[in-house]
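Asker: Below you'll find the structure I mean.
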Amino acid sequence: MTETAISIRNVTQRFGDANQANAVLALDDVSLDIKKGEFVCLLGPSGCGKSTLLNIVGGLFKPTQGTCTVDGRLVDGEPHPDKIAFVFQESTLFPWYTVIENFHIALKFQGIAKSEWDDRAMAALRAVGMASFARHYPEQLSVGMRQRVNMARGICVGTDILLMDEPFAALDEQTRMVLGEDLSQLLAATGKTIVFVTHSLAEAVFLSDRIAVMTARPGKIKTIIDVNEPHPRSPDFMLEPRFSELRNECYALLRDEIRATVAAQRDPQPAGA
């Protein structure tokens, strides 16, 4: 039996005092287990708590109620950089350092021996086709190239778990799909556990082993969709009938949730209503 990497149990997240009119119930009694080496997408309408849940797993938030454990260790509002790396939508590279110097900082923070820095950095950059840009500064790279570097840095630090918060959202569709192929290959090669937040139905189906479809706020797990397609995945998968069936299933599940989100924005109700 495959071991559990992440266990989320009855997590509720509220921002603000429950008695205040502006209090927000972001997540409501969410439970989810993620296996080691699994790629799970969190898919749902805007504001449903996808990123909040990711941040709880990463130790950036302490849940109002419930627990999250990583490899059996409680995550309680404190990051665990020895276990978890983040890749965000916006580049987090320091602009005054070169690409490889940015890697050195991350590896130093991880406590990796200095003698290993260059080898580990270059191996990760080669994996995403960016080795020839190691001495470039971030401003010399396109948005897509910077995200390749961010992905490589997440791999380079050697954590078992990678949390990715809409890392391709600012990219054009073609670049997103190419990076998705790269990510699928990296998953097959490294066996990392990846939790990936996205709004894209196609991206979720192409990348995921399982898709956790979330409701409109307060976010709950509406259902889990199994993709059952081995990694690495090629663009040919997107031409198969099953790909379209899964994407259509995701849309059918999300349609009412998106309408509920739009309706709430038009006619906001007091907290607790």
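The values are calculated or read from the model by the stated rules, or taken from the named source; none is laboratory data. If you're wondering where the values come from, they're calculated on a predicted model, not measured in any experiment. FYI the Cβ positions are ideal-geometry reconstructions off the backbone, even for glycines, and counts take in every protein chain you see.
Asker: Can you say whether residue 211 is surrounded by 19 or more Cβ atoms within 10 Å (Cβ to Cβ), in contact with a helix residue (DSSP H, G or I) (Cβ under 6 Å, 6 or more places away or on another chain) and not basic (Lys, Arg), as far as the supplied structure shows?
Answerer: Yes: the conditions hold for residue 211.
Asker: Which condition breaks for residue 182 when tested against (1) assigned by TED's automatic domain parsing to the domain that holds residue 43; (2) touching a Leu at 6+ places or on another chain (Cβ under 8 Å)?
Answerer: Every condition holds for residue 182 apart from (2).
Asker: Return the only residue of 241, 218, 230, 235 being in contact with a strand residue (DSSP E or B) (Cβ under 6 Å, 6 or more places away or on another chain) and either at pLDDT 90 or above or surrounded by fewer than 14 Cβ atoms within 10 Å (Cβ to Cβ) (or both).
Answerer: Exactly one residue qualifies, and that residue is 218.
Asker: Can you find a residue that is buried (at least 21 other Cβ atoms within 10 Å of the Cβ), modelled with pLDDT under 95 and more than 30 Å from residue 146 (Cα to Cα) anywhere in the range 73-80?
Answerer: No, the range 73-80 contains no residue that is buried (at least 21 other Cβ atoms within 10 Å of the Cβ), modelled with pLDDT under 95 and more than 30 Å from residue 146 (Cα to Cα).
Asker: Kindly indicate the residue of the range 17-36 that is in contact with a Lys or Arg (Cβ under 7 Å, 6 or more places away or on another chain) and either under 23 Å from residue 193 (Cα atoms) or at pLDDT 90 or above (or both) and also surrounded by the most Cβ atoms within 10 Å (Cβ to Cβ) among those meeting that condition.
Answerer: Applying the filter and picking the extreme gives 30.
Asker: Within the range 240-256, is even one residue on the phi > 0 side of the Ramachandran plot and either free of Cβ contacts under 8 Å to residues at least 60 places away in the same chain or not in a loop (DSSP other than H, G, I, E, B) (or both)?
Answerer: Checking the range 240-256: not a single residue is on the phi > 0 side of the Ramachandran plot and either free of Cβ contacts under 8 Å to residues at least 60 places away in the same chain or not in a loop (DSSP other than H, G, I, E, B) (or both).
Table: residues versus (1) assigned to a helix (DSSP H, G or I); (2) closer than 21 Å to residue 231 by Cβ.
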{"position": "121", "(1), (2)": "yes, no"}
{"position": "132", "(1), (2)": "yes, no"}
{"position": "145", "(1), (2)": "yes, no"}
{"position": "151", "(1), (2)": "yes, yes"}
{"position": "163", "(1), (2)": "no, yes"}
{"position": "167", "(1), (2)": "no, yes"}
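Asker: Taking the range 99-126 as the region of interest, how many residues are among the charged types (D, E, K, R) and either surrounded by 14 or more Cβ atoms within 10 Å (Cβ to Cβ) or not assigned by TED's automatic domain parsing to the domain that holds residue 138 (or both)?
Answerer: Within the range 99-126, residues that are among the charged types (D, E, K, R) and either surrounded by 14 or more Cβ atoms within 10 Å (Cβ to Cβ) or not assigned by TED's automatic domain parsing to the domain that holds residue 138 (or both) number 3.
Asker: Testing residue 60 on (1) of a type outside the set (Asp, Glu); (2) in a loop (DSSP other than H, G, I, E, B); (3) over 20 Å from residue 198 (Cα atoms), one condition comes back false. Which one is that?
Answerer: Status for residue 60: all satisfied but (3).
Asker: Let me ask something else. Taking the range 134-143 on its own, how many of its residues are part of a helix (DSSP H, G or I) and not charged (D, E, K, R)?
Answerer: Summing the residues that are part of a helix (DSSP H, G or I) and not charged (D, E, K, R) in the range 134-143 gives 3.
Asker: Go through the residues of the range 190-199 one by one and say whether even a single one is at positive phi, in the same structural domain as residue 13 (by TED's automatic domain parsing) and either buried (at least 20 other Cβ atoms within 10 Å of the Cβ) or in contact with a Gly (Cβ under 9 Å, 6 or more places away or on another chain) (or both).
Answerer: yes
Asker: Could you identify the single residue in 152, 169, 202 that is within 16 Å of the chain's Cα centre (by Cα) and modelled with pLDDT under 85?
Answerer: Every option except 169 fails the conditions.
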